[in-house]
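*Asks:* Take a look at the following structure, please.
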Amino acid sequence: MYPEKTNLIPANQPETKAKDDQPARAENIAAIVSYFESGIKDTCCELGIELEHTIVTDDLQPVSYNGEHGVQWILSELAAAYPEETRDAEGDLLGVSRPRESVTLEPAAQLELSAGPFSSLADAEETFKGFEQALATILGPVGEKALTIGYHPTAKARELKLIPKRRYQLMNMYLGEVDTYGVNMMRGSASTQVSIDYHSAEDCLRKLRLSSALVPVFSLICDNAPVFEGTPRPHPLVRTDIWNHTDKARCGIVPDLMDPDFTFADYAAYILDTPAIVVPCSREQWCYATRTFGEVYSHSPMTRDDVIHAVSMFFTDVRLKTYVEIRPADAMPIPYVIAYAALIKGLFYPEKSLDALDEMLGGVRNDDIADAKTALMEAGYNAQVYGRPVAEIADALMQLAHEGLEEDERHYLEPLASLVAKRTTLADAGLGQ
């Protein structure tokens with residue numbers, strides 16, 4: 001049985017014990033920092049890509065986990081090509097995989113392909129096209145299809161059923177209480193995420209800051225949520241609004257990240273000082289916890305698995321694991337996903353591009369990013385961001401990425417570059433499923 005909801009702590013006001021009451025705190029900060037440092041790579045320029053699919057019937061009605069042709073059945077059909085299965089203690093199928101590709105489920109049975117790392121955009125395109133062709137072969141005969149869109153096209157979030165995964169049930173309870181849109185984030189939304197490597201701590205923090213400053217612009221360029229809760233959206237960038245009202249303690253921008261003196265240890269302290277929601281336990285695999293991670297592990301040094309879980313419970317716009325995960329883009333059709341990956345590659349791997357971004361964004365702070373999000377939700381491409389028209393920034397990013405890519409990969413930018421040139425989005429143009 002779950003605890004009473006009255007035990008919940010507002011996410012922006014954690015009841016944190018004094019840090020001197022956490023004897024293992026220094027060891028736990030060191031464990032988290034060591035985890036981040038383990039991502040440092042000698043080589044660069046590879047990308048990880050994640051794309052979430054919303055499964056619906058041909059008339060756009062929800063398809064849940066259970067049922068004759070539910071998402072569990074879809075996973076079982078994929079298992080011939082993805083033979084490694086993940087099941088819970090009750091035997092429910094929750095994921096399938098093969099080397100470099102993993103198919104998993106989001107809370108309301110959104111189907112996610114995580115693939116890579118890719119050094120070649122052509123390989124990424126082939127992988128994602130192959131997956132969607134396999135999906136279409138399975139879904140077509142039973143009157144279903146997979147949409148790549150930022151928000152469910154017909155259903156209200158609370159009408160969508162959670163999959164049988166205890167962690168998601170606990171998260172749904174907590175996030176449904178601390179702010180207004182936690183349930184919408186978990187059940188209704190779908191995203192595209194691109195991950196990049198770093199070759200030093202300094203390079204990592206640089207990329208974290210620059211990508212965080214660009215989050216509002218990326219959200220605009222990749223806006224693909226024309227519907228919210230079954231009706232036309234009230235404003236652009238629906239998912240930005242959802243994330244603004246999910247959990248201020250673990251979403252948005254990492255506190256003080258844009259401060260030039262911010263370090264891995266500061267990031268680790270942020271993790272330790274945030275309510276855990278879910279922690280591993282022997283009794284039921286996952287247990288509910290409103291204590292902070294620092295309190296949960298106050299007397300016991302964190303293992304690497306503990307750190308991996310703790311980091312996974314944060315949903316910041318840009319998240320640090322052993323790679324930098326850039327998270328604001330809506331789910332999009334494959335040509336736009338590959339275009340977005342090309343944009344990220346051209347911006348964040350060439351040193352010349354990073355220098356240009358430093359010059360463009362060097363003075364941006366956390367409050368400026370929040371203001372940019374508000375401006376874009378109000379005015380879209382007509383907004384001013386960081387003291388200049390956002391359209392000019394989007395143009396500059398496309399040009400910078402074009403120059404940063406090898407000549408044989410520049411054409412991949414075209415789908416998004418075309419939208420930017422027209423000052424429109426997938427959501428506006430009705431192209432995004």
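*Asks:* Looking at the structure I just gave you, is residue 379 surrounded by 22 or more Cβ atoms within 10 Å (Cβ to Cβ) and closer than 28 Å to residue 190 by Cα?
*Replies:* Here the answer is no, as residue 379 does not meet what is asked.
*Asks:* Quick one: how many residues across the stretch 95-140 are of a type in the set (A, V, I, L, M), touching a residue at least 40 places away in the same chain (Cβ under 8 Å) and buried (at least 19 other Cβ atoms within 10 Å of the Cβ)?
*Replies:* Qualifying residue count for the region: 10.
*Asks:* Do we have residue 283 as touching a residue at least 12 places away in the same chain (Cβ under 8 Å), out of contact with any Phe, Trp or Tyr (no Cβ under 6 Å at 6 or more places or on another chain) and of a type in the set (D, E, K, R) here?
*Replies:* no
*Asks:* Could I ask something else about it? Just wondering, is there one or more residues in the stretch 329-336 that are more than 17 Å from residue 124 (Cβ to Cβ) and touching a helix residue (DSSP H, G or I) at 6+ places or on another chain (Cβ under 7 Å)?
*Replies:* yes
*Asks:* On to the next question. Restricting to the stretch 248-292, name every residue that is buried (at least 18 other Cβ atoms within 10 Å of the Cβ) and under 30 Å from residue 382 (Cβ atoms).
*Replies:* 251, 252, 253, 254, 257, 258
*Asks:* Right, here's the next one. Quick one: would you say residue 304 is out of contact with any Pro (no Cβ under 7 Å at 6 or more places or on another chain), in contact (Cβ under 8 Å) with a residue 12 or more places away in the chain and surrounded by 20 or more Cβ atoms within 10 Å (Cβ to Cβ)?
*Replies:* no
*Asks:* Of 394, 372, 341, 331, which residue is in contact with a His (Cβ under 9 Å, 6 or more places away or on another chain), among the aliphatic types (A, V, I, L, M), crowded, with 22+ Cβ neighbours inside 10 Å and closer than 22 Å to residue 428 by Cα?
*Replies:* 331
*Asks:* Quick one: which residue in 65, 82 is without any contact (Cβ under 8 Å) to a residue 40 or more places away in the chain and either among the hydrophobic types (A, V, I, L, M, F, W, C) or assigned to a loop (DSSP other than H, G, I, E, B) (or both)?
*Replies:* Only one candidate passes the filter, namely 82.
*Asks:* Condition test on residue 71, is it touching a residue at least 12 places away in the same chain (Cβ under 8 Å), out of contact with any helix residue (DSSP H, G or I) (no Cβ under 9 Å at 6 or more places or on another chain) and aliphatic (A, V, I, L, M)?
*Replies:* yes
Okay, residues lined up against (1) part of a loop (DSSP other than H, G, I, E, B); (2) under 30 Å from residue 222 (Cβ atoms):
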site	(1), (2)
265	no, no
283	yes, no
287	no, no
294	no, no
301	yes, no
305	no, no
338	no, yes
341	no, yes
347	no, yes
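*Asks:* What's the number of the condition residue 9 fails, among (1) aliphatic (A, V, I, L, M); (2) modelled with pLDDT of 95 or more; (3) over 23 Å from the mean Cα position of the chain (by Cα)?
*Replies:* (2)
*Asks:* Here are some conditions: (1) crowded, with 17+ Cβ neighbours inside 10 Å; (2) more than 26 Å from residue 116 (Cβ to Cβ); (3) among the aliphatic types (A, V, I, L, M). Residue 421 meets all but one. Which one does it not meet?
*Replies:* Only one criterion is unmet by residue 421, namely (1).
*Asks:* Taking residue 261 and the conditions (1) in contact with a helix residue (DSSP H, G or I) (Cβ under 7 Å, 6 or more places away or on another chain); (2) at pLDDT 95 or above; (3) over 22 Å from residue 192 (Cα atoms); (4) of a type outside the set (A, V, I, L, M, F, W, C), which numbered condition does it fall short on, given that it satisfies the others?
*Replies:* Here residue 261 clears every test but (1).
*Asks:* Given the conditions (1) among the β-branched types (Val, Ile, Thr); (2) part of a helix (DSSP H, G or I); (3) over 20 Å from residue 72 (Cα atoms), which single one is not true for residue 154?
*Replies:* (2)
*Asks:* Can you give me the ranges of the helices (runs of 4 or more DSSP H) entirely in the stretch 160-248 with at least 2 residues that are of a type outside the set (Gly, Ala, Ser) and closer than 24 Å to residue 433 by Cβ?
*Replies:* Output list reads 182-188, 201-221, 238-244.
The values are calculated or read from the model by the stated rules, or taken from the named source; none is laboratory data. Bear in mind that the values here come from a model prediction, so they are computed numbers and not experimental data. In this analysis, Cβ positions are derived from the backbone assuming ideal geometry, glycine residues included, and neighbour counts consider all displayed protein chains.
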